[in-house]
Amino acid sequence: MSGRIVARTFAAAALTGLMAVGAVGTAQAAGSPPGGGAVEDVISLPDGFQPEGIAIGNGPTAYVGSLADGDVYVFDLRTGAEVTTLQGPGTPSVGLKVDQRGRLFIAGGPAGDARVVDASTGALLKDYQLTTGPAFINDVVLTRDGAWFTNSSAAELYFLPIGPAGALPAKAEKVPLSGDWTQVPNAFNANGIAETPDHTALLVIQSATATLFRVDPATGDATAVDLGGATLDNGDGLLVVGRTLYVVQNFSNAVAVVELAPDGSSGTVVDTITDSDFRVPTTVAKFGKSLFLPNARFDTPPTPTTEYSVVRIDR
């Protein structure tokens with residue numbers, strides 16, 4: 001995958017410096033198919049791939065982005081077999097989501113951009129330079145109105161409003177974070193993003209403070225979610241299923257399970273999921289009754305032969 005060795009040094013250095021706040025081989029078959037028809041507990045990715053984000057659509061196809069060169073590895077959840085690899089731009093692909101029209105929305109990390117590509121061919125449909133300032137465009141969530149992106153290096157979100165018939169906008173809108181939000185210098189701040197169960201607001205995890213925020217999408221006003229005193233150390237990717245929020249805790253090698261109020265203003269941590277196959281997981285996507293998490297292995301120096309994988313757990 002061209003460009004990976006060159007880009008690896010830059011991507012790894014950026015992540016190591018900002019995220020310091022806090023060997024799996026062949027896929028192993030589970031005894032019987034869990035929910036959704038998935039049959040693998042551990043799915044191998046190409047050596048040296050450096051995964052971070054994962055996206056799954058309605059079907060049994062998963063997409064994992066590379067921090068090294070932006071390639072997207074596409075595989076079958078039922079077998080773990082590669083479907084294809086979409087060529088990246090030579091800069092990182094971080095968080096990503098796939099919409100109902102077969103388009104991948106990709107956060108561009110230190111490039112400060114967001115890309116929309118054809119999920120089948122990798123063809124670039126639209127490229128947005130979200131900022132020319134401090135940037136690590138980290139994660140993305142798709143709502144009824146469009147796509148929202150976080151920037152771990154600046155107190156602002158970016159919105160791509162999707163028009164009628166799925167029309168992509170000419171440019172992104174910037175929404176500064178305010179209210180309870182306090183930016184921590186030289187640290188990873190806004191990271192994972194999701195939507196509240198009632199679809200009225202956004203949820204954003206601030207990694208540097210282990211705090212979950214509810215954000216008004218119209219104003220950017222952020223309010224700390226009342227978790228009864230619980231914190232979410234090493235918070236990374238978020239996933240909301242019904243009223244359940246899954247929070248990936250990367251260096252903790254865990255997933256916090258939070259039962260939320262419908263508007264996301266409060267919640268209770270009801271469980272913490274761990275797995276012996278976790279190697280610093282970062283993001284999470286669901287298929288049937290299963291959750292899938294890529295192992296980023298941020299605690300391991302990346303090399304062309306470093307092994308990476310995606311882990312399946314029950315939800």
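The values are calculated or read from the model by the stated rules, or taken from the named source; none is laboratory data. For clarity, every value in this text was computed on a predicted model and none was experimentally measured. Neighbour counts run over all protein chains shown; Cβ positions are idealised from the backbone, glycine included. Keep in mind that these areas ignore ligands, DNA and RNA; they rest on the heavy atoms of the full protein, side chains included. Shrake-Rupley method; radii C 1.70, N 1.55, O 1.52, S 1.80 Å.
If you roll a 1.4 angstrom probe over the protein chains with everything in place, what fraction of the accessible area of region 170-270 belongs to carbon and sulfur, to the nearest %? So the carbon and sulfur contribution to the accessible surface is 48 percent.
Per residue, the solvent-accessible area of the chain (1.4 Å probe, heavy atoms of protein chains only, all protein chains present) comes to 38 Å². Could you list the residues of region 178-217 with an amide nitrogen less than 19 Å from a label point located 7 Å from the Cα of ASP226 in the Cα-to-C-beta direction? Hits in region 178-217 for ASP226 at 19 Å: 179-181, 196-198, 200-204, 211-216. Highest mean packing first, where packing is the average number of other Cβ atoms within 10 Å per residue, the peptides 117-127, 272-282 line up as 272-282, 117-127. For the chain, count all C-alpha to C-alpha pairs, find those more than 28 Å apart, and express that count as a whole percent of the total. Cα-Cα pairs in the chain separated by more than 28 Å: 31 percent. Out of THR85, PRO161, GLY229, whose Cα points farthest toward the positive end of the dipole of the chain (charges: +1 Lys, Arg; -1 Asp, Glu; placed on Cβ)? With unit charges placed on the Cβ atoms, the residue in question is THR85. When the Cα gyration tensor is reduced to axis lengths a ≥ b ≥ c, the ratio a/c is 1.5 or higher for region 87-183, and with a/b not above b/c it is classed as oblate. Seen through its C-alpha gyration tensor, with square-root eigenvalues sorted a ≥ b ≥ c, region 193-315 comes out prolate because a/c lies at 1.5 or above while a/b is bigger than b/c.
Projecting the Cα positions of TRP181, PHE287, SER309 onto the charge dipole of region 173-315 (unit charges on Cβ atoms of Lys, Arg, Asp and Glu, taken about the Cα centre) puts SER309 furthest along the positive direction.
Protection proxy ranking of 295-304, 169-178, 244-253, by the mean of other Cβ atoms within 10 Å over each peptide's residues and highest first, is 244-253, 295-304, 169-178.
Only the Cβ atoms of Lys and Arg (+1) and of Asp and Glu (-1) were treated as charged; on that basis the dipole of region 47-111 about its Cα centre amounts to roughly 300 debye. If the chain linking ALA165 and ALA123 were pulled fully straight, counting 0.36 nm for each residue of separation and taking away their Cα-Cα distance, it would gain 13.2 nm.
Other residues lying with their Cβ under 15 Å from the Cβ of PRO262 contribute a combined charge of -3, Lys and Arg counting +1, Asp and Glu -1. Length gained on full extension, ARG101 to THR272, computed as 0.36 nm times the residue gap minus the Cα-Cα distance: 58.1 nm. Calculated FRET efficiency, VAL241 to THR219, Cβ-Cβ distance, R0 = 35 Å: about 0.85 to the nearest 0.05. Rounded to the nearest 20, the Cβ-based charge dipole of the chain about its Cα centre (Lys and Arg +1, Asp and Glu -1) stands at 500 debye. If R0 is taken as 35 Å, the Cβ-Cβ distance between GLU82 and THR143 corresponds to a FRET efficiency of 0.70. The calculated FRET efficiency for ALA261 paired with LYS286, based on their beta-carbon distance and R0 = 35 Å, is about 0.95.
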